[in-house]
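Reading through the structure tokens given below for one structure.
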């Protein structure tokens, strides 16, 4: 029996895997057009509201996609995201559709191949769609186009586990800049210095702003050891230092990550999505160049690995 090909060289009739051109760890999957069209046709009758109201329908979409991609596709995605060497991938609809409902269905299928999606309190369902445009009056950096969206992990201010994160680009017009920025913990030169500092294992208090619709307060350390090794939980906007010593540590940590040569920019085409392991990847966004006609729409899903 032939040995399996390395992930970054894998190819079959349903999909092929190659190194991502923008990031040394991420992998990119190209999916078979016929398989994608078959999936979209099979789920044409399912409306998005049905997915929002009935959780098992989200797994039905995942199973329908696997019927077209092959059962090993599930093991491949799970293996990539749980493998610390990679921990993330990109893939897309390969121009088989420009319908936003198809985007929701496809993203839902990919996410639920990994496991159940978390409730997104900002949107009131399991996913959130949001715009980035020229003007914004929100209370976080998420929609503020001309600011650096600093590196962070998701799920810091909720008690529910956030194992994986999915982001998909729905549309984009008049956008220069705004690239995604990713940092794998093992590529951050000063990670060990901050992880070994006693402050790194002290519980930090997190509070969400009003737009998140979350009232609970959570305490958790910045660094911890978990199933995937050294892990991180951090977002500068919502962590509440108890004193100037904690504040200085958090400031220096954030500055170090932002300046790290391991922080890479990644371009995501319309119709593509990225999935990251939320334990050892931090993510953010570069600023856009000012343009009154700027328009970008994204979808976010996040969830847990299936038991």
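The values are calculated or read from the model by the stated rules, or taken from the named source; none is laboratory data. As the structure is a prediction and not an experimental result, all values here were calculated from the model. Every residue, glycine among them, receives a Cβ derived from its backbone with ideal geometry; neighbour counts consider all protein chains shown.
Out of the residues in region 190-211 meeting the condition of being in contact with a helix residue (DSSP H, G or I) (Cβ under 6 Å, 6 or more places away or on another chain) and either modelled with pLDDT under 95 or in a helix (DSSP H, G or I) (or both), tell me which one is nearest to residue 277 (Cα to Cα). Quick ask: steps written out before the conclusion?
Our first condition is that a residue be in contact with a helix residue (DSSP H, G or I) (Cβ under 6 Å, 6 or more places away or on another chain); within region 190-211, this holds for 190-191, 194, 199-200.
Keeping just the survivors that are either modelled with pLDDT under 95 or in a helix (DSSP H, G or I) (or both) gives 191, 194, 199-200.
Values: 191: 17, 194: 20, 199: 24, 200: 20 Å.
Step by step, filter region 190-211, then rank; the result is 191.
Quick one: would you say residue 291 is at positive phi and modelled with pLDDT under 95?
Values: at positive phi: no; modelled with pLDDT under 95: yes.
It is false that residue 291 is at positive phi and modelled with pLDDT under 95.
Note on region 18-61: residues that are in contact with a strand residue (DSSP E or B) (Cβ under 8 Å, 6 or more places away or on another chain), touching a residue at least 60 places away in the same chain (Cβ under 8 Å) and either within 21 Å of residue 271 (Cβ to Cβ) or part of a strand (DSSP E or B) (or both) amount to 10. Of the residues 270, 214, 275, the single one that is at pLDDT 95 or above, under 27 Å from residue 136 (Cα atoms) and in a loop (DSSP other than H, G, I, E, B) is 270. Pairs meeting the criteria (first residue in region 65-78 and at positive phi, second residue at pLDDT below 95, beta carbons under 7 Å, at least 6 apart or on different chains) are 70/14.
Can you go through 246, 255 and tell me which one is in contact with a helix residue (DSSP H, G or I) (Cβ under 7 Å, 6 or more places away or on another chain), more than 25 Å from residue 300 (Cβ to Cβ) and in a helix (DSSP H, G or I)?
Details: 255 fails: in contact with a helix residue (DSSP H, G or I) (Cβ under 7 Å, 6 or more places away or on another chain).
Answer to the check: 246.
Taking region 179-199 as the range and being in contact with a strand residue (DSSP E or B) (Cβ under 7 Å, 6 or more places away or on another chain) and surrounded by fewer than 19 Cβ atoms within 10 Å (Cβ to Cβ) as the test, only 179 passes.
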